[in-house]
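One structure below.
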2 protein chains.
Amino acid sequence: MPASKINQQVVLARRPDGAPRVDDFAVIESPLPALADGEVLIENLFVSLDAGFRKWMDEGSGDHILPAMAIGAPVMGLTLGRVAESRHPDFHIGQHLMARLAWERYSITDATDFLVVVPDEYDCPLNWHLGILGDTGMSAYFGLTDVARPQPGETAVISAAGGAVGSVAGQIARIYGARAVGIASGADKCQRLIDELGYDAAVDRLADDLPGALADACPDGIDVYFDSVSGPLLEVVLDQINPGARIALCGAVAAYNSATPLPGPANLFQLVTNQATMTGFMTHLMHERYPEARRQLLDWVEQGKLVNREHMLKGIESVPTAFCDLFAGRNFGKTIVALG
Amino acid sequence: MPASKINQQVVLARRPDGAPRVDDFAVIESPLPALADGEVLIENLFVSLDAGFRKWMDEGSGDHILPAMAIGAPVMGLTLGRVAESRHPDFHIGQHLMARLAWERYSITDATDFLVVVPDEYDCPLNWHLGILGDTGMSAYFGLTDVARPQPGETAVISAAGGAVGSVAGQIARIYGARAVGIASGADKCQRLIDELGYDAAVDRLADDLPGALADACPDGIDVYFDSVSGPLLEVVLDQINPGARIALCGAVAAYNSATPLPGPANLFQLVTNQATMTGFMTHLMHERYPEARRQLLDWVEQGKLVNREHMLKGIESVPTAFCDLFAGRNFGKTIVALG
């Protein structure tokens, strides 16, 4: 009985102003309450850091997906943990679960928080289920397989190309036969895109002449744009799309930090003159197809066509740092904190 | 032999600054040259006025579709005419042709200017081939049938709802069983949307509280947006889309007048959270399906489900006025000038 256990939680100390800073968060300790009927106690083993949660740190940001986070409350996020105690008929000790819970050592839940049992039929480390086999891997897989559909010989541009989603998306674009061009910040990261992820070319988002650098990397124009950044970069890409281009929008990191919305691309008319399509998608609505996607991704890993990259930190006190790393471009691959 | 004929042409007197004005254009007279081998002399009977041509009146606006128009040269536009003389093997006197020629009484062409023989198997006035059976009718038909696909019970919003495209699109949305909501400028035009085109509701784009007016007209949210305006209106609509919404972009009237590009919608993330799609299209790439579309549109007209509305002016000297009417909101239905 863990009633005497002390929990450690990362709470929102204040609302971030722009990019989040480590001192926007605080680690607090509190005794764990006893479990009520219908509840489950989860010992969180891994926290997944996802830029998308930044949005709900703003005042009044609640929407049909999640409420706005409260000051002083544990920060909402995706975790993977082990059932330590259960008073819920559907869960038993030792099960591994993923859920939209919070940045904390232990979570108590009545199992309404988007709880998913980690499938045990895949031969891979547990934490892959938060990354390459989790929502970010699924975003890359469905965004390319269903939405953007790169064809052999086409040019596919990936934004945030070294991030959790982009690092998988670029490799999948190449598996489908496209030329993969990654956009990332800084020469070092660009070199890593080519060396570690197999991108055919890389473009430094901080280049003095970004349109020129992109054009040099895409001499045949752009057929597919897999975008998890949005903002001004989308406008630069739109100017270089080919007829029939497909743009998959899986997020908008550039917008998460902005209190006032960023202006959108001024050249949406490029969609008209190129008969192009821009499609937003969220993979959690495709849950029933996750097994197909996981199997395919693991097959590619086993065939040596796909590598899994992670930015792994350790300990609950590292969670704010890991989250801020996402916005400072210090991550490469999926960002995860191991709590165990 | 019409070598002694005097031609009348509308030329670009100066580049419009923002919305075009009548004195941006001038009517000049010049003798018609003799026909060379391989050329056709066309007596233009109707000029079609299309806001899209405004774009190519700007300096440096040439693209892969058309070159920028030259000062002093006849203004490019769509015309329907009759072959008055032919030294081209494929054309004979009396044939009716449509082409991307110019605002002029007579045109001489070597038949490379997107010449199309007007089909004679449809029982309708000739000028319908520039409107409801022409590119604007095709935009409405394919934009709804192929791109936006309104379903019974859904809400379809149409911008520029009384214009050449919108006046057809709103009616087609209703034929497909959707609730059609039109956006137009001014109370009078809004009333005409309901009275003359059968819209279920109309929203005045000049309303003090446009988002509120749109929400009142769309209590169940927006499933389809057929947009030929773009600009700030798109942002207002995006805020009210439903999951799975389809946005068809068939033009961007708001952008044609702007020397500096207008900022795009700041809320493109709405596409992500609603898994929505925005697709640009140009119907001239669907030429092989025009017969299917014309047949269907005429059937609907004969069944009393679809009415054809035209804003018809007369005489070559009225062409600049008719063009400026498009941007001043003085048109309702397809704008055409009869030259004969």
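The values are calculated or read from the model by the stated rules, or taken from the named source; none is laboratory data. All values derive from a computational prediction rather than experimental measurement. Because the Cβ atoms are built from the backbone with ideal geometry, glycine has one as well, and the counts that use them run over all protein chains shown. Just so you know, the surface numbers come from the protein's heavy atoms only, side chains and all, with ligands and any DNA or RNA stripped out. Shrake-Rupley method; radii C 1.70, N 1.55, O 1.52, S 1.80 Å.
Are any residues in the range A:290-339 touching a residue at least 60 places away in the same chain (Cβ under 8 Å), outside any helix (DSSP H, G or I) and open to solvent by less than 40 Å² (accessible area, probe 1.4 Å), and if so, which ones? The answer is A:L306, A:N308, A:G329, A:N331, A:F332, A:G333, A:K334, A:T335, A:I336, A:V337, A:A338, A:L339. The set of residues in the range B:147-166 being under 13 Å from B:V237 (Cβ atoms) and of a type in the set (V, I, T) consists of B:T155, B:V157, B:I158. The single condition among (1) part of a strand (DSSP E or B); (2) within 13 Å of chain B (Cβ to nearest Cβ) that A:V272 does not satisfy is (1). With the structure loaded, tell me whether A:P20 is under 20 Å from A:H311 (Cα atoms), assigned to a loop (DSSP other than H, G, I, E, B) and within 23 Å of the chain's Cα centre (by Cα) or whether it fails that test. So A:P20 fits the description; yes.
Among A:D24, A:D63, which is open to solvent by 20 Å² or more (accessible area, probe 1.4 Å) and farther than 18 Å from A:N127 by Cα? Lay out the reasoning, then the answer.
Values: A:D24 fails: open to solvent by 20 Å² or more (accessible area, probe 1.4 Å).
Going through A:D24, A:D63 in turn, the sole match is A:D63.
Of the set (1) touching a residue at least 60 places away in the same chain (Cβ under 8 Å); (2) in contact with a helix residue (DSSP H, G or I) (Cβ under 7 Å, 6 or more places away or on another chain); (3) assigned to a loop (DSSP other than H, G, I, E, B), all apply to A:R15 but (1).
If the condition is being part of a loop (DSSP other than H, G, I, E, B) and among the small types (G, A, S), then the range B:205-233 contributes B:A207, B:G221, B:S228, B:S230, B:G231. Every listed requirement among (1) closer than 23 Å to A:I28 by Cβ; (2) touching a helix residue (DSSP H, G or I) at 6+ places or on another chain (Cβ under 8 Å); (3) open to solvent by 40 Å² or more (accessible area, probe 1.4 Å); (4) of a type in the set (K, R) is met by A:K55 save one, (1). Checked against the criterion of being within 16 Å of the chain's Cα centre (by Cα) and either among the small types (G, A, S) or buried (at least 24 other Cβ atoms within 10 Å of the Cβ) (or both), the range A:81-93 contains not a single residue that satisfies it.
Which of the residues belonging to the range B:23-71 are within 30 Å of B:I93 (Cβ to Cβ), under 23 Å from the mean Cα position of the chain (by Cα) and among the acidic types (D, E)? Those that are within 30 Å of B:I93 (Cβ to Cβ), under 23 Å from the mean Cα position of the chain (by Cα) and among the acidic types (D, E): B:E43, B:D50. Just so you know, in the range B:275-312 the residues that are within 7 Å of chain A (Cβ to nearest Cβ) and more than 16 Å from the chain's Cα centre (by Cα) include one that is modelled with the lowest pLDDT, and it is B:Q275.
If a residue has to be outside any loop (DSSP other than H, G, I, E, B), acidic (D, E) and touching a residue at least 60 places away in the same chain (Cβ under 8 Å) to count, how many in the range A:24-42 make the cut?
Residues that pass the stated criteria total 1.
Can you find a residue that is in the same structural domain as A:A13 (by TED's automatic domain parsing), touching a residue at least 40 places away in the same chain (Cβ under 8 Å) and in contact with a Ser or Thr (Cβ under 6 Å, 6 or more places away or on another chain) anywhere in the range A:72-84? So far as the range A:72-84 goes, yes, one or more of its residues are in the same structural domain as A:A13 (by TED's automatic domain parsing), touching a residue at least 40 places away in the same chain (Cβ under 8 Å) and in contact with a Ser or Thr (Cβ under 6 Å, 6 or more places away or on another chain).
Only residues that are of a type in the set (A, V, I, L, M) and in contact with a helix residue (DSSP H, G or I) (Cβ under 6 Å, 6 or more places away or on another chain): list them for the range A:33-52, please.
Applying the first criterion (of a type in the set (A, V, I, L, M)) to the range A:33-52 yields A:34-36, A:40-42, A:45, A:47, A:49, A:51.
A:A34, A:V47, A:L49, A:A51, listed by residue number.
Hey, can you tell me all the residues within the range A:1-30 that are closer than 20 Å to A:V83 by Cα and modelled with pLDDT under 95?
Taking the range A:1-30 as the starting set, the residues that turn out to be closer than 20 Å to A:V83 by Cα are A:1-9, A:30.
A:M1, A:P2, A:A3, A:S4, A:K5, A:I6, A:S30, listed by residue number.
Could you grab me the full set of residues in the range B:57-68 that are away from chain A (no Cβ under 12 Å) and without any contact (Cβ under 8 Å) to a residue 24 or more places away in the chain? Before the answer, list the steps.
Taking the range B:57-68 as the starting set, the residues that turn out to be away from chain A (no Cβ under 12 Å) are B:57-60, B:62, B:67-68.
Hits for the range B:57-68 are B:G60, B:G62, B:P67, B:A68.
Looking only at residues that are over 28 Å from A:G329 (Cβ atoms) and small (G, A, S) in the range A:34-56, which one is nearest to the other protein chains (Cβ to nearest Cβ)?
So the residue we want is A:G38.
Out of curiosity, is B:Y199 among the hydroxyl-bearing types (S, T, Y), under 24 Å from B:Q303 (Cβ atoms) and assigned by TED's automatic domain parsing to the domain that holds B:R149? Yes. The number of residues in the range B:153-185 being modelled with pLDDT of 95 or more and open to solvent by 20 Å² or more (accessible area, probe 1.4 Å) comes to 7. All of B:G221, B:G244 fail the test of being at pLDDT 90 or above, in contact with a Ser or Thr (Cβ under 8 Å, 6 or more places away or on another chain), more than 7 Å from chain A (Cβ to nearest Cβ) and surrounded by fewer than 19 Cβ atoms within 10 Å (Cβ to Cβ), apart from B:G221.
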